[in-house]
1. Note down the nm distance, to one decimal, between modelled labels 7 Å out along Cα→Cβ at L81 and at T118.
2. Assuming a ≥ b ≥ c are the square roots of the Cα gyration tensor eigenvalues, decide whether region 30-140 counts as rounded (a/c under 1.5), prolate (otherwise, with a/b larger than b/c) or oblate.
3. If you take the square roots of the eigenvalues of the alpha-carbon gyration tensor of region 96-143 and sort them as a ≥ b ≥ c, do you get rounded (a/c under 1.5), prolate (a/b over b/c) or oblate?
4. Between N43 and E63, what's the calculated FRET efficiency when r is the beta-carbon distance and R0 is 22 Å? Round to 0.05.
5. List the pairs from K46/K106; K46/K91; K62/K130; K91/K130; K33/K130; K52/K91 whose alpha-carbon separation is above 19 Å, in the order I gave them.
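Derivation of every value follows stated rules applied to the coordinates shown; laboratory data play no part. This is a predicted model, so every value here is computed, not measured. Ideal geometry is used to build each Cβ from the backbone, glycine not excepted, and the neighbour counts take in all protein chains shown.
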Amino acid sequence: MKTKILFIIIISTTIMNCKSVSGKDHDNAITEKYWKLTSLDGNDIKMEDTQKREIFITLNTKENRFTSFAGCNTINGEYILEEGNRIKFTKIISTRMFCNNTDESKLLEAINLTDNYTIKNNILSLNLGKRTPLAVFKAVSMN
């Protein structure tokens, strides 16, 4: 009888301590989402007529890689997540098509400078220290 009670207590404690991937924790996850750029260096971003796609970033959990479209060129690399919403983008590479898009160089600079992030209500801010966000993205459903 004591063994059964102990077993039930252990199972109950284990279940109560598990975090659910659905719900609030998932809403605040930075990875496996399509993040559309809405603001860069404090300025609202609107898709230009010459752009074929919107500017975005995605972070792949399995390979710790990110992919971004900057308006003309594609940016790829690796990222490292650390405790306290710290993030570092590394091994950054970009295609080199000639474009007349000033936001592209600003986005690349923001990715290089970012050292932390915040997420609230499906809005991702890439930050440097406690300054104004370098870039702000909104999670977009891919359905």
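1. 1.9 nm
2. prolate
3. Cα axes put region 96-143 in the oblate bin.
4. After rounding, the FRET efficiency stands at 0.10.
5. From K46/K106; K46/K91; K62/K130; K91/K130; K33/K130; K52/K91, over 19 Å: K46/K91; K62/K130; K91/K130; K33/K130; K52/K91.
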